[in-house]
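Everything below concerns the one structure shown next.
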Amino acid sequence: MFGREFNSLNKEGKKVGILGVPFSKGNGKTGAEQAPTAILEHGLLKSLTNFDANPNLDVEDFGEVKFSSKKLKRPVSDIKNYAEFIGCIERVSKRVHSIIEEGRLCITIGGDHSIAAGTVDGHARAKDGNIAILWIDAHADINTPKTSHTGHPHGMPLSFVVKELRDHWSEYPEIEWRTPIVPARNIAYIGLRSVDDYERLIIDRLGITAFGMDEVDDLGIPEIMRRALKVIDPEQNRSIHLSFDIDGLDPLEAPATGTPVRGGITLREGIQIVETVYKTGRLGAFDLCEVNPQMGREEDVRKTLQAATDLIKAATGHRRSGRTAKIPT
Ligand SMILES: NC(=[NH2+])NCCC[C@H](N)C(=O)O
Ligand SMILES: [Mn+2]
Ligand SMILES: [Mn+2]
């Protein structure tokens, strides 16, 4: 009886594409490759389109990216699993590019965070570099191959895509396809609490906007979002890339992840960040990375999958108060 009328209320919702990237060779552990399937089996598609969420949402499931490792003309020793990493992100970049070209918000489910080297590259290419990056993470993920202590690609994706750092990758093979055109000033971090010394140096030198947990405590999320968006999208005309590492959340609420760091943002703050970006109308790409269904007890995994689902829901316009509720001013 209410179906039609209620559906028409939700017509403005953007088209969405969901892409899974079962890749975990960018970090030191296995398990993150299972996250796309685990999140889908937890009921993602249903919770995006059911009645209280958004019954009219146009969601296309693009399945999982197929990838294989690159044949290298010379070996790379300072980056772990380089051939696998490059083989994967080249494909990810192409898929993300074409989903965004279709006019869809591209939601990419990792995999570890190294896959964002591909998602950002594809997004940047689709928008001629006019994107703003909001990076929610305990870590800065901006090591260059030479500054990294671990050699893990998931600590390096931002250096791969940032214009000012492109020469740090020039000696590495099989990356001619890359488009490192996003300037560092278009990036803002929220939630940092485990930043390597050289990463701090890079952030300071390039003048990247970075809100650590200390600033989250001092300012609160609404003020941080206001400041971050003002810097990275001053004319309010950029396509926003929201890259969400689940370890940005406190491990109490998202324990099933490979490199947890205590003292993080709450799920409520995480959802608030995503809702705030959604409300700009310019969310172009959303990554959800580093869920590891192999870490911890069953209850930990379930909790983490639900947190991931809640964040993805917010990225498609779901409002906790009920989507069409009007807020009195
Ligand atoms: N996406 C992540 N969880 N990254 C963790 C990176 C940790 C450390 N900074 C490294 O370079 O290896
Ligand atoms: Mn992290
Ligand atoms: Mn990360």
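Pairs meeting the criteria (first residue in the range 128-154 and small (Gly, Ala, Ser), second residue crowded, with 24+ Cβ neighbours inside 10 Å and part of a loop (DSSP other than H, G, I, E, B), beta carbons under 8 Å, at least 6 apart or on different chains) are 138/264; 148/156.
Pairs under 8 Å by beta carbon, first residue β-branched (Val, Ile, Thr) in the range 26-47, partner in a loop (DSSP other than H, G, I, E, B), six or more apart or different chains? Partner pairs satisfying both residue conditions: 30/24; 30/294; 37/22.
Within the range 12-20, one or more residues are part of a loop (DSSP other than H, G, I, E, B) and without any contact (Cβ under 8 Å) to a residue 24 or more places away in the chain.
The residue list 282, 268, 297 contains one member that is of a type in the set (Lys, Arg) and within 24 Å of residue 19 (Cα to Cα), which is 282. Applying the criterion of being in a loop (DSSP other than H, G, I, E, B) and in contact (Cβ under 8 Å) with a residue 60 or more places away in the chain to the residues of the range 226-246, the residue that is farthest from residue 116 (Cα to Cα) is 237.
Number of residues in the range 212-250 that are crowded, with 21+ Cβ neighbours inside 10 Å and within 16 Å of ligand 3 (Cβ to nearest atom): the value is 10.
Since residue 176 meets every condition but one in (1) buried (at least 17 other Cβ atoms within 10 Å of the Cβ); (2) of a type outside the set (Lys, Arg); (3) over 17 Å from the mean Cα position of the chain (by Cα), which condition does it not meet? Answer for residue 176: the failing condition is (1).
Scanning the range 150-188 for residues that are within 16 Å of ligand 2 (Cβ to nearest atom) and either modelled with pLDDT under 95 or β-branched (Val, Ile, Thr) (or both) yields 150, 187. Within the set 140, 132, 124, the sole residue that is within 12 Å of ligand 2 (Cβ to nearest atom) and in contact with a strand residue (DSSP E or B) (Cβ under 7 Å, 6 or more places away or on another chain) turns out to be 140.
Just one of 196, 287 is in contact with a Phe, Trp or Tyr (Cβ under 7 Å, 6 or more places away or on another chain) and either more than 15 Å from ligand 2 (Cβ to nearest atom) or of a type in the set (Asp, Glu) (or both); which is it? Explain how you work it out, then say what you get.
Working: 196 fails: in contact with a Phe, Trp or Tyr (Cβ under 7 Å, 6 or more places away or on another chain).
Unique residue meeting the criteria: 287.
Condition (residue is crowded, with 24+ Cβ neighbours inside 10 Å, within 15 Å of ligand 2 (Cβ to nearest atom) and not in a helix (DSSP H, G or I)) applied to the range 89-110: is it met by at least one residue? Checking the range 89-110: at least one residue is crowded, with 24+ Cβ neighbours inside 10 Å, within 15 Å of ligand 2 (Cβ to nearest atom) and not in a helix (DSSP H, G or I).
Please verify whether the range 194-207 includes one or more residues that are part of a strand (DSSP E or B), within 17 Å of residue 242 (Cα to Cα) and in contact (Cβ under 8 Å) with a residue 24 or more places away in the chain.
As a first pass, look at the range 194-207 and keep what is part of a strand (DSSP E or B): 194.
With the extra rule that they be within 17 Å of residue 242 (Cα to Cα), the set shrinks to none.
Within the range 194-207, none of the residues are part of a strand (DSSP E or B), within 17 Å of residue 242 (Cα to Cα) and in contact (Cβ under 8 Å) with a residue 24 or more places away in the chain.
Residue-wise test of (1) at pLDDT below 95; (2) more than 25 Å from residue 281 (Cβ to Cβ); (3) within 18 Å of the chain's Cα centre (by Cα).
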| residue | (1), (2), (3) |
| --- | --- |
| 11 | yes, no, no |
| 22 | no, yes, yes |
| 51 | yes, no, no |
| 55 | yes, no, no |
| 76 | no, yes, no |
| 90 | no, yes, yes |
| 103 | no, no, no |
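Going by the conditions given, is residue 133 within 16 Å of ligand 1 (Cβ to nearest atom), under 19 Å from residue 282 (Cβ atoms) and not in a helix (DSSP H, G or I)?
On the way: within 16 Å of ligand 1 (Cβ to nearest atom): yes; under 19 Å from residue 282 (Cβ atoms): yes; not in a helix (DSSP H, G or I): yes.
Taking the combined requirement at face value, the residue satisfies it.
Could we say that residue 141 is under 25 Å from residue 250 (Cβ atoms), acidic (Asp, Glu) and part of a loop (DSSP other than H, G, I, E, B) here? Judged against the criteria, residue 141 is a match. Residue 191: closer than 17 Å to residue 264 by Cβ, small (Gly, Ala, Ser), within 16 Å of ligand 3 (Cβ to nearest atom) and in contact with a helix residue (DSSP H, G or I) (Cβ under 6 Å, 6 or more places away or on another chain), yes or no? Judged against the criteria, residue 191 is a match.
The values are calculated or read from the model by the stated rules, or taken from the named source; none is laboratory data. All values reported here derive from a predicted model rather than from experimental measurement. Virtual Cβ from ideal backbone geometry, glycine too; neighbours counted across all protein chains shown.
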